[in-house]
Amino acid sequence: MAKKIYELTEGEWAIIQAVWVKQPCAAPTVQEELEDVKKWSYSTVKTMMDRMVTKGLLTTTRIRNLILYSAAISRKEAQRGEIMRAVKRAFDGALTPMMQFMLDNSELTPEQLNELEALIKRKRFDASRTKKK
């Protein structure tokens, strides 16, 4: 089954990063965390966080009149969405041209190349085991 791809906006990315650090946390805590960088008002942050709940990116817990937010997705899920969004936009969703671009435009050390080769070998091995089942 395909994993759900979460595509976060720049603002959602900033908010969820603050939530990962402070969770569970209230909207004013997130607004204070982002105040120097984003200059967003409390109402802007609260509205965005409520929309993120609707989108399934955050969850809420109510304690009397206090609403605490927590991340509903992991850092890895958010990173997957970010990468897949870039691949979709820049390379029409094709991974091979993206990898070729990254290899051609990066200064990789021999150690990093060895790590990439090991990842590819592991993926091939896993794929061959899956086909045999």
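Each value in this text was obtained by applying a stated rule to the coordinates, not by laboratory testing. If you're wondering where the values come from, they're calculated on a predicted model, not measured in any experiment. Glycine also receives a Cβ, built like all others from the backbone with ideal geometry; neighbour counts cover every protein chain displayed.
Normalising by the residue count of the chain, find the relative contact order in percent from Cα pairs under 8 Å and 6+ residues apart.
Relative contact order for the chain comes out at 23 percent.
Given springs between every Cα pair under 10 Å in a Gaussian network model of the chain, which of Thr109, Thr29, Thr47 has the largest fluctuation?
So, out of Thr109, Thr29, Thr47, the one fluctuating most is Thr109.
Under a point-charge model restricted to the Cβ atoms of Lys and Arg (+1) and Asp and Glu (-1), what is the dipole moment magnitude of the chain relative to its Cα centre, in debye to the nearest 20?
1000 debye
How much length is gained if the chain between Leu103 and Leu66 is pulled fully straight, taking 0.36 nm per residue apart and subtracting their Cα-Cα distance, in nm to one decimal?
That pair, Leu103 and Leu66, stretches by 8.4 nm at full extension.
Springs between alpha-carbon atoms under 10 Å, Gaussian network over the chain: tell me which of Lys76, Lys39, Lys121 tops the mean-square fluctuations.
Result for the chain, Cα springs under 10 Å: Lys121 fluctuates most.
Name the shape class, rounded, prolate or oblate, that the alpha-carbon gyration tensor gives for the range 94-133, where a ≥ b ≥ c are the square roots of its eigenvalues, rounded holds for a/c under 1.5, and otherwise prolate holds if a/b is larger than b/c and oblate otherwise.
Taking the square roots of the gyration eigenvalues as a ≥ b ≥ c, the range 94-133 is oblate.
From the P(r) of the range 1-93, could you give the percentage of C-alpha pairs in the tail past 23 Å? Working shown, then result.
Numbers: 1118 of 4278 pairs.
Summing the P(r) of the range 1-93 above 23 Å gives 26 percent of all pairs.
Give, as a single signed number, the net charge of other residues whose beta carbon lies under 11 Å from the beta carbon of Ala14, with Lys and Arg counted +1 and Asp and Glu -1.
Values: positive: Lys38; negative: Glu10, Glu12, Glu33.
Charge balance near Ala14 sits at -2.
Only Cα pairs within less than 10 Å get springs; with that Gaussian network setup on the chain, which residue of Ala71, Ala94, Ala118 has the largest fluctuation?
Of Ala71, Ala94, Ala118, the Gaussian network model singles out Ala118 as fluctuating most.
Using a Förster distance of 35 angstrom, determine the FRET efficiency expected from the C-beta separation of Ser128 and Trp13, and round it to 0.05.
Given R0 = 35 Å and the Cβ-Cβ separation, E is 0.45.
Count the lysine pairs in the chain whose Cα atoms lie under 20 Å apart, taking only pairs 8 or more positions apart in sequence or on different chains.
Qualifying lysine pairs in the chain: 23.
List the residue ranges in the chain for DSSP H helices whose C-alpha atoms run 30 angstrom or more along the long axis and whose Kyte-Doolittle average is 0.5 or above.
Going by DSSP H runs, there are no hits.
Given the rule -39500 (n - 2.57) for each run of at least 4 DSSP H residues, summed and divided by the residues of the chain, what is its mean residue ellipticity at 222 nm, to the nearest 500 deg cm²/dmol?
Rounded to the nearest 500, it is -21500 deg cm²/dmol.
In which sequence would Trp20, Trp40 go, from the one with the fewest C-beta neighbours within 10 Å to the one with the most?
Ordered by Cβ neighbours within 10 Å, fewest first: Trp20, Trp40.
Within the range 47-79, whose backbone N sits under 12 Å from a point 7 Å along Cα→Cβ of Ala26?
63-69
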